[in-house]
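Enquirer: Structure below; questions to follow.
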Amino acid sequence: MTEPVDNHTTPTPMAAEPKPNPVDFQFHGKAGEFFRIWIVNICLTIITLGIYSAWAKVRTNQYFYGHTSLGDSRFEYTAQPMQILKGRIIAFGAFMLYQLIVSIMPILSLPILLAFALVMPWIIVRSMMFRHFNTRYRNIRLGFTGNYVDALIAYVALPVGSALTLGLLYPYAACRQQRWLVNNSRFGETPFSAQLKAGAFYSIYLAGLFLLISTGILFFMVEAAVPTMLPIIPLILMPFYYLVYAYIKVHVTNYTVNNARLGDHRFESRMKTLPYLWIFFSNVLAIVLTLGLATPWAMIRVARYRADCTTAQVAGDLDQFVQVQQDQQNALGEELGDVLDLEFGV
Amino acid sequence: MQLEAYFYDGQTSRRTQCVLEIDTAGRFVLPKGLSWSWQQVEVSARIGDTARFLDLPDGSRLESGQNDLIDQLCTLYHPQPRSQGMLHILESRLRYVAVAVVITILAIWWFIADGVPALSNQVAQRLPAEITQELGAETLTFFEKARIFGPSQLSDEQQATIRTRFQTLVAEQPSGFKYKLHFRDAGHTIGANALALPSGDILITDQLIELAEHPDAILGVLAHEVGHVEHRHSLRMILQSSTYPLIVTAVTGDTSLATTVLAALPTMMIEAHYSRDFEEEADLFAKAYMTRHGIDSTHLGRLLAAMESAANGNGQAGWLSSHPATDERVKLLEQAQE
């Protein structure tokens, strides 16, 4: 049984499957406990002039993974700080080199950015490999098999195309990105799969666009009615723009997770826009009012909400996954992604 | 001692619940009969109260949440590298956490209040004057487009008189700035006002010139603006405010909205503080110039007071809002001259 699930890309009829057994994801982290880790991380990072940040990152991830459980087994983050430090130093060096070249020869900034657009998919691939390789559950590693060309299409070609078509291609690009992320992920030897339809993404983004346009109309109505309120209108309308963000984020996550399969197992995500928006907004408020000291509390709340909304529909039990032999990945990819601020994920 | 754990063989995801009996030599037997000793186990670092993972040499591992017992076993049979244990001690004792809070706040405070401004000053003084030339040109274009100013209504003779004194003033400056004086009408916008662009372009409004009771007061205003340019205040401000978001992101490792808002706070606080310092520096610059040339610097003080009452009169808050209390400035300019 080396390839236990090979042809599950097409769903097998429900009748053939045993009744799934819902197993909840749980998050056990506590704000008070994490605050101590967080503040020591920052303090040591400052004292060591940033070198400790690699250890800080590992400890933070270990805390969040280690406090996330599925069926009483904990997740585990296994990256070594030295790998991450190496990646950070290289990324920092590349960034400084870029700054230096651009300040000496500004004419080169465009060619360099173009070159970066070609390197970025590689960074994304490496970063996903690194992150998955270092995630373990029940002593089985996740894996990632995405390739450069697909990443180039999903993260460079399609976004450029969407800019050229005034965003018309944007939902398709988002769909391709999610498809690429899920369908190239493995748990041990078992691949994840998700039949994600572009149409679903278009309806999510259309609804978002509708919200956005309503907000714009509201803006002009308020401006026309009470012109003296002009300076504070953005403040009033900000929550509405975040509503759009939250709506899209929640629905893309739910749609992706609900369509994801791992062998015979399925997943369920029940996030809701308004609770998510509330967590997001109250987090921002708390962080600003406490001058940043509420950050750990905010991080814990988000992790808890996501875990609380996610369930695995387990067919039978979770004992059947087989480990895969895999080469060591290095941290370079993920750290470049980290420093240069590429946000992506399922 | 008994340790409750889950056992995973590393080949499949099968989970076996077990209770390990650890004997006095640190040996224990796994459910399948393999026997290991604690010395062969690699124990994952303790982070808060997260479960620990015990790596066995054959790739199998144990997962257990009995952290205190595991720590005890480690000290008994398998002294861990000290650093890992130390981190957990730092993170778990309240007094160390309190020390970390204090150090962090002090360090960040020092860096925001002194470090960044000093650094920006260093950088600003080293940047070639050409860079600031470009910044000034952009601002001038913006003013034209926004129609903040109209063409000056002053007579050519009036302009020429002021220009001559301005030339004497800037000829004395050792820096490489190309100073240029612009007369503008701002009756409908900012009223009596003057401003300096980082390039050395200095704008003065007709309304300010009308307000001045003595030509020396106008010279004082011009010297004040030249002081801003010479001390590179705009550049320092730009450098400072663009550094804070970088710091907040670097420290928190987070680029979310919250940190962006957070980064704006020091920018606002420090800008208010530094714009006052900058004004004082420019006032002193003007005073020194006037004193050197035997001009009474109280003329500038009187013009400031007149500007304040003019601004209060028509409800405009322009030049003065970013400036220190006018009283203080007038006093500064009246103080016995060294």
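Enquirer: Report the calculated FRET efficiency for B:LEU34 and A:TYR98 (r = Cβ-Cβ distance, R0 = 56 Å), to the nearest 0.05.
Expert: In this case the efficiency is close to 0.60.
Enquirer: So, how do all the Cα-to-Cα distances of the range B:73-150 break down into 5 Å bins, in percent, from 0 on up?
Expert: 3, 11, 9, 9, 9, 9, 9, 8, 6, 6, 7, 5, 4, 2, 2, 1, 0
Enquirer: Could you work out how far apart the two model spin labels at B:GLU157 and B:ASP58 are, taking each label as a point 7 Å from the Cα in the direction of the beta carbon, and quote it in nm?
Expert: In this crude label model, B:GLU157 to B:ASP58 measures out at 10.8 nm.
Enquirer: Can you list residues from other chains, or at least 5 along the same chain, whose modelled amide H is less than 5 Å from the amide H of B:LEU20?
Expert: HN-HN under 5 Å from B:LEU20: B:LEU3, B:GLU4, B:ALA5.
Enquirer: With every protein chain kept in place and ligands, DNA and RNA left out, what is the accessible area per residue of the range B:2-91? Probe 1.4 Å, answer in Å².
Expert: Heavy-atom accessible area per residue stands at 49 Å².
Enquirer: Could I have the simple spin-label model distance between B:ALA107 and A:PHE116, label points 7 Å from Cα toward Cβ, reported in nm to one decimal?
Expert: Each label point is offset 7 Å from its Cα along the Cβ direction, giving 2.8 nm.
Enquirer: Let me ask something else. In Å², nearest 100, what accessible area do chains A and B bury in total when the solvent probe is 1.4 Å?
Expert: 3800
Enquirer: Between A:PHE281 and B:LEU69, with labels modelled 7 Å along Cα→Cβ, what's the label distance in nm to one decimal, could you check?
Expert: Spacing of the two 7 Å Cα→Cβ label points: 4.8 nm.
Enquirer: Per residue of the range A:70-84, what does 6.51 cos²θ - 1.76 cosθ + 1.60 with θ = phi - 60° give for ³J(HN,Hα)? Whole Hz please, x for Gly and Pro, Karplus curve as stated.
Expert: So the J values, rounded to whole Hz, are 10, x, 6, 9, 8, 7, 9, 10, 10, 5, 9, x, 4, 4, 5.
Enquirer: For B:ALA129, what is the net charge nearby, where nearby means another residue's Cβ is under 14 Å from its Cβ and Lys, Arg count +1, Asp, Glu -1?
Expert: Around B:ALA129, the charge tally is 0.
Enquirer: Now for a separate question. Would you mind counting up the charge near B:SER13? Only other residues with Cβ under 14 Å from its Cβ, with Lys and Arg at +1 and Asp and Glu at -1.
Expert: 0
Enquirer: Follow-up. Just to make sure I understand: if all protein chains stay in place, what is the order of A:PHE210, B:PHE28, B:PHE142 by accessible area at 1.4 Å, largest first?
Expert: Output order, biggest surface exposure first: A:PHE210, B:PHE142, B:PHE28.
Enquirer: Can you compute 3J(HN,Hα) from phi for each residue in the range B:286-299, using the Karplus curve 6.51 cos²θ - 1.76 cosθ + 1.60 with θ = phi - 60°, rounded to whole Hz and x for Gly and Pro?
Expert: Those phi angles translate into 5, 4, 4, 4, 5, 4, 4, 9, x, 9, 6, 6, 5, 4 Hz.
Enquirer: Now, a different point. Take the Cβ-Cβ distance between A:VAL302 and B:GLN11 as r, set R0 to 41 Å, and report the resulting FRET efficiency rounded to the nearest 0.05.
Expert: That gives a FRET efficiency of 0.70.
Enquirer: Once a ≥ b ≥ c are taken as the square roots of the eigenvalues of the Cα gyration tensor of the range B:131-233, is the result rounded (a/c under 1.5), prolate (a/b larger than b/c) or oblate (a/b not larger than b/c)?
Expert: oblate
Enquirer: Same structure, new question: Apply the a/c threshold of 1.5 to the C-alpha gyration tensor of chain A and tell me whether it is rounded, prolate or oblate.
Expert: Rounded, since a/c falls under 1.5.
Enquirer: Per DSSP H run of n ≥ 4, the term is -39500 (n - 2.57); total these for chain A, divide by its residue number, and report the mean residue ellipticity at 222 nm rounded to 500 deg cm²/dmol.
Expert: Rounded to the nearest 500, it is -19500 deg cm²/dmol.
Enquirer: Can you tell which of B:ALA51, B:SER64, B:LEU34 lies farthest toward the positive end of the dipole of the range B:2-91, using +1 and -1 charges on the Cβ of basic and acidic side chains (Lys, Arg; Asp, Glu)?
Expert: B:LEU34
Enquirer: Using 0.36 nm per residue of separation minus the Cα-Cα distance, give me the extension gain between B:VAL99 and B:THR291 in nm, one decimal.
Expert: Working it through step by step, the gained length comes to 64.0 nm.
Enquirer: Checking the a/c ratio against 1.5 first, then a/b against b/c, what shape does the Cα gyration tensor give for the range B:2-91?
Expert: Here the range B:2-91 falls in the prolate category.
Enquirer: Of B:LYS145/B:LYS287; A:LYS197/A:LYS272; B:LYS145/B:LYS180; A:LYS57/A:LYS86, which pairs sit farther than 24 Å apart, going by alpha carbon to alpha carbon?
Expert: Check vs 24 Å cut-off fails for B:LYS145/B:LYS287.
Enquirer: Rounded to whole Hz and in sequence order, give me ³J(HN,Hα) for the range B:231-242 from the Karplus expression 6.51 cos²θ - 1.76 cosθ + 1.60, θ = phi - 60°, writing x for Gly and Pro.
Expert: For the range B:231-242, the Karplus-derived couplings read 7, 6, 5, 4, 4, 4, 5, 4, 4, 4, 6, 8 Hz, x marking Gly and Pro.
Enquirer: As an exercise, use a Förster radius of 41 Å and the Cβ-Cβ distance of B:ASP185 and B:VAL123 to find the FRET efficiency, rounded to the nearest 0.05.
Expert: The value I calculate is 0.65.
Enquirer: Moving on to the next point. Note down the net charge around A:LEU44, summing +1 for each Lys or Arg and -1 for each Asp or Glu among other residues with Cβ under 11 Å from its Cβ.
Expert: After counting each charged neighbour, the total is 0.
The values are calculated or read from the model by the stated rules, or taken from the named source; none is laboratory data. Note that this is a predicted model, so its numbers are computed, not measured. FYI the Cβ positions are ideal-geometry reconstructions off the backbone, even for glycines, and counts take in every protein chain you see. To get the accessible areas, we keep the full protein, side chains included, count just its heavy atoms, and leave off ligands, DNA and RNA. Shrake-Rupley method; radii C 1.70, N 1.55, O 1.52, S 1.80 Å.
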